[in-house]
Amino acid sequence: MFHRIYLLFALLAGFLIAPLPTVFGQKWEVGAGVGGMNYTGDIARKLQIRNFRPAGNLFARYNLKNGFSFRAEFLGGGIAAADRNADNAFQQQRDLSFKTLVLEGNLATEYNFLDYRDSRKALNWTPYVMGGIGYALFRPKPDNGSYKTSTLVIPFGVGLKYQVKRPWGVGVEFSARKTFTDYLDNFGGKEVVPDKFGNGNPALKDIYYFLGVNVSYTFYKIVCP
């Protein structure tokens, strides 16, 4: 199943990286980051620090001169939650829990608020906002097998970039993924069963989040072959 996400990321990365040999003096970046994933849905109605699980990303970024950047990203990690950690007796009695592996590929646009890398006199840091579209595959445990384990996602978030010393930079980002599934936690959907403990809320789609730090390398000058 997960070979589809690898193919998607290869296409996204190829879309950005293919022009590199013929571009001179443009500002391309490649980078990687580590951090954690979290989730909100039927089992965790709000973000809980205890629910963060390890995650990481790879990305390629193309920086324009008007404050915008385009990015292709591959993100992978885990999400998890348990009713026993909820603050209400209903969930504690229901006592459901899950662990899910998530793999995602996305294309996003970033807007840099400050004059970042426009010239040698430019500021070497900037806050930014980002948004885009992507596709995710997920594998819950337990898994009742009666739902689709892939979904379109809409990533959006905020971040901060800092150029330590050319060509190296670091950054931190917090982003959310709006999904179109209610089954990241193996629980939800439109089913209504007599036992109220077996019903999820079909009006609330699951959301997952990524908080991470990254290191990037910028290609400031590329000579045509």
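Ranked from largest to smallest solvent-accessible area, with a 1.4 Å probe on the protein heavy atoms, 75, 152 come out as 152, 75.
Listed cross-link partners 46/99; 65/205; 141/161 are compared with a 27 Å cut-off, the Cα-Cα value being larger for 65/205; 141/161. When the residues 125, 28 are ordered by accessible surface, computed with a 1.4 Å probe over the protein chains alone, the sequence from largest down reads 125, 28.
Taking θ as phi - 60° and the Karplus parameters 6.51, -1.76 and 1.60, the scalar couplings of segment 156-172 work out to 8, x, 10, x, 9, 10, 9, 8, 5, 7, 3, x, 9, x, 10, x, 9 Hz in sequence order, x denoting glycine and proline.
Using only the heavy atoms of the protein chains and a 1.4 Å probe, how would 172, 153 rank by accessible area, largest first?
172, 153
Less than 5 angstrom separates the built amide H of residue 44 from none of the residues sequence-distant by 5 or more or on a different chain.
A probe of 1.4 angstrom, applied to the heavy atoms of all protein chains, finds residue 47 with accessible area near 80 square angstrom.
Quick one: net charge of residue 40's neighbours, Cβ under 15 Å, K/R +1, D/E -1?
Numbers: positive: 45, 46, 50, 53, 177, 178, 205; negative: 42, 83, 87, 182, 185, 206.
With Lys, Arg at +1 and Asp, Glu at -1, the net is +1.
Taking 0.36 nm per residue of separation and subtracting the current Cα-Cα distance, fully stretching the chain between residue 32 and residue 168 would add 47.8 nm.
The residues of segment 49-89 present an accessible area of 45 Å² per residue when probed at 1.4 Å with all protein chains retained. Protein heavy-atom surface of segment 42-125, 1.4 angstrom probe: 56% of the accessible area is carbon and sulfur, with nucleic acids and ligands not counted. Phi-derived couplings, Karplus 6.51 cos²θ - 1.76 cosθ + 1.60 at θ = phi - 60°, listed residue by residue for segment 174-186: 10, 9, 10, 10, 6, 10, 10, 9, 10, 10, 4, 9, 6 Hz, with x used for Gly and Pro. Listed values for segment 33-39 are Karplus-derived 3J(HN,Hα) couplings in whole Hz (6.51 cos²θ - 1.76 cosθ + 1.60, θ = phi - 60°), namely x, 10, x, x, 9, 9, 8, and x replaces Gly and Pro.
The values are calculated or read from the model by the stated rules, or taken from the named source; none is laboratory data. Remember, it's a predicted structure, so these values are computed and weren't measured experimentally. Positions of Cβ are backbone-derived with ideal geometry, glycine not excepted, and every protein chain shown enters the neighbour counts. These accessible areas exclude ligands, DNA and RNA; they are computed on the full protein's heavy atoms, side chains included. Shrake-Rupley method; radii C 1.70, N 1.55, O 1.52, S 1.80 Å.
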